1. If the range 520-588 were replaced by its equivalent ellipsoid, with semi-axes equal to the square roots of 5 times the Cα gyration tensor eigenvalues, what would those be, largest first, whole Å?
2. Could you tell me the ratio Rg/Rh of the range 697-829? Both radii from Cα atoms, Rh via Kirkwood.
3. Excluding ligands, DNA and RNA, what is the solvent-accessible area per residue of the chain at a probe of 1.4 Å, expressed in Å²?
4. Extension gain GLU503-HIS109, at 0.36 nm per residue separation less the Cα-Cα distance, in nm?
5. Report the label-to-label distance for ASN136 and ILE370 in nanometres (one decimal), using points 7 Å from each Cα along the Cα→Cβ vector.
6. Restricting to Cα atoms and excluding each atom paired with itself, what does the Kirkwood estimate give for the range 574-690 in Å?
7. So how many Å³ per residue does the convex hull of the Cα atoms of the range 364-493 work out to?
8. Once each part is reduced to its C-alpha centroid, what is the distance from the range 733-774 to the range 466-519 in angstrom?
Amino acid sequence: MELMRPAFLRCLSVTMFCVVGCLLLSSLVALPLEAAEPSSQSLNSGWQFRAVANVDRSDVKEWHPAQVPGVVQTDLLNSHLIPDPFDRDNEFHLQWIGLADWEYQTTFHLDAAVIAHDHLDLVFDGLDTFADVYVNDQLVLHADNMFRRWRIPAKTLLKSGPNTLRIVFHSAVEKMIPYAKSLPYILPSISTHNYGNEENIATAPYTRKAPYDYGWDWGPRFMTEGIWQPVRLETWDALRIDSFHIHQRGITAELANVVAEVEIDAARTTTATLTLTHDELSGPQTSDGTQSLQLNAGINHISFPLKIAAPKLWYPVGYGAQNRYHFSASIRMGRDPLAHAETKIGLRSVELRRVPDQWGKSFEFVVNGISVFAKGADVIPFDSFPNRVTPEIHRNILQAARDAHMNMVREWGGGYYESDDFYDICDELGIMVWQEFMFGGDMVPGDVSFQENVRQEAIDQIKRLRDHPSIVIWCGNNEIETGWHHWGDRQEFKESISADARERVWQDYVIMFADILQSAVREYGDPVPYTPSSPSANFEEVPDNQHNGDMHYWQVWHAQAPASDYTLQFPRFMSEFGFQSFPEIRTIGAYAKPEDFDIRSTVMQAHQKNKGGNERILTYMLREYREPKDFASFVYLSQVQQAEIIKIGAEHLRRQRPRTMGSLYWQLNDCWPVASWASIDYYGRWKALHYYARRFYDDVLISPFLHDDKIEVYVVSDKLQPLSATIHMHLLDFSGNSLLEQTKEVQVPAQSSAIYFTVEKALLAAKGDPRRSFLVFDLEVAGKKVSRNLIFFDVTHNLELPVAPKIETTFNKSGEESTITLQSQKLARNVYLSFGDLDVKISENYFDLLPGEPVILRLKSPATLDQVRGAMKVMSLTEAFNPN
């Protein structure tokens, strides 16, 4: 790698308070300073908490130990003051917690050497949400935004010896009700359920708090309060580096034009030296030069242009390597180090291409000049209590996404901005992130204080996350715009207020999402693109349509439309579609007792947050399948049904490329154990949908489409190279007898979708009874099967499937690897292996076992092979049906 920097770029470009170039102004005198690097002391330990208002229980008014980072619900749980919030219907009995005020306190000791520093700053990375902060009983901060970082100059507040830090948190509901009631109208909210408060008033739109805390149609309502992010004391003297960022101005395979941007907070006017280096994460370090700085008191913005020849670029998974660079900035005065900062980046160009075409206006992500079909799912918070989410949890879910050939996740706007490790893992795995600002669906107030609060929130978060190459778009919000145009409660609200008020509410929305947030992304997040909402047509027309912008489609599920209606949709980019299922029985057993195992029981309804959801699952189920014989069979069928329905939608969307360039199903994960749209449950266990996703999101897919009495056989390829392939079509009866075979050699262009042949249904019906036969399509490349798909000719309850086909199993162990071979003489559909309470990972599940064709699965478990064999149960589709 060669570093090129012309002579005219060897000087720093210094903006705002800094001098342009390397010149020293003679009128500025450098003052002598003590050379000491900034240091940081964690203040996360020694905390205790108690209730101080709006609660009757005396035991919670006493001091108890607290965890930081944490929230009051987990602190109460850790002190055995409440039962498990996720168990049974405990959620409803714990709403008093979010209506109370809570006080947190710690004492920390400082010695004279710490106090002697020129600057002592208390830094709070996150306070949830309305918090009064006291330092040695002096009020220093009224915090009012969960998503902001708060820095408090505390030099004059702290002393040598013991110091007290105390924070009083106020109920976000109780605090905001008087304010909401004082307004001429109250903005409608997705969540108005206060669960215990006598007034059912929407306060969420006025509060910068994670929207899902108020409850969602997949998650509980837990109004958290607490110190949810780390606290520390930072000390510094001459200066500190406030931010260090590599601005990617222009990236090609030949040359990377970047600018190292350093924000330096200087105590006073001084001179210093900046040294910049970079290296590949696994390579040698390269010096980018040393420059003299003339710094003014306050914030100094330094720009250092660089050119990197033949850069190693970062690509989404499937399109290239995930190369990254490490940059380092050091500031010295003479030989004494003053400050140091580091960042990791991935060099890549990114574009949201929206140009007119024959179908309207495109919506596709282009990375390093390559159009990428986005395959993935929407991500919600990983827990109702964020402090319980570990990097291991993030990695397990994100690795599972990559294992299912996903290259994008949409970080939904109803939660919170994820922790750094989440984005680090996405960078490493090559998973693109659609990043939303935290607005979940409510219209926004228009007062200046709220707008400025959000502006600073956006700046904080963009600056924190902007060097992650995985972030390929910033999105203003989730569904606010489409809600304003389409949702019934919004129409009722608009009819209840005057025309002037309606226009004001809309203009407040436009100011926030077309001005404030877009300007913040342009200034601090360039060159990552911005879109105002999801779905949105960028204000060019009404959102949520099939020719401009992205689309959310919910007629399947919410309107109970048939799954086949997915094939009637032709969006430019589908960013939401979904269908529910139950988690597996082992997960259900974590929150319910056997006597609760009924979809209409109190506990099952408590763990179903979409009204009527359990009944809707059953309604769809009885359209396609026979009645389940018991609760466990219902659970199994719910997962099979979810997987089959989303498969219809996802494969259809992939067949439409390049007209459609994205398929993100709702949703990847859960925040608690629940019946939901997730493909991976709260405990990280794959549902049937995730196994299916690994097949329908594979880079090469054979996708036969049965409609209008014919079958069109598509091959879809995301590969960057053309393929020579063979399509095998085989008509079989359920006992494995061959009724018809066809083979065709095909040439598959790179990044394409096309029909390679068509089969008339009448031809097939003449060869075999449609109720007793099925089609198998295999795609082979270089003699290896790369994709398989089956076609059945009627709904399942009309097929004469083999009843309880006998499945033979054989266990084998070779070295460290254990395998199981399954085989059946008759067709066994949706074969499911379970292992009771054992943790067992298997290479495949919920698969069709063809007559006479063995399937070998790899097993991984801390249990012995004998324990796995003893716990294993195997079932197939017809075993779930009521024999009557």
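1. Working: eigenvalues 183, 78, 15 Å².
Equivalent ellipsoid semi-axes, largest first: 30, 20, 9 Å.
2. On the way: Rg = 17.0 Å, Rh = 16.6 Å.
Using Cα coordinates only, the ratio equals 1.03.
3. Here the per-residue accessible area is 38 Å².
4. Working: separation 394, 0.36 × 394 = 141.84 nm, distance 5.50 nm.
Gain on extension, GLU503 to HIS109, equals 136.3 nm.
5. Reported label-point gap for ASN136 and ILE370 is 5.9 nm.
6. Numbers: mean 1/r = 0.0682 Å⁻¹.
The Cα-based Kirkwood calculation yields 14.7 Å.
7. Values: hull volume 18.4 nm³, N = 130.
Cα convex hull per residue, to the nearest whole number: 141 Å³.
8. A separation of 48 Å, based on Cα centres.
The values are calculated or read from the model by the stated rules, or taken from the named source; none is laboratory data. Quick caveat: nothing in here was measured; it's all calculated off a predicted structure. Glycine also receives a Cβ, built like all others from the backbone with ideal geometry; neighbour counts cover every protein chain displayed. For the accessible areas, the whole protein counts, side chains as well, though only heavy atoms, and no ligand, DNA or RNA atoms are used. Shrake-Rupley method; radii C 1.70, N 1.55, O 1.52, S 1.80 Å.
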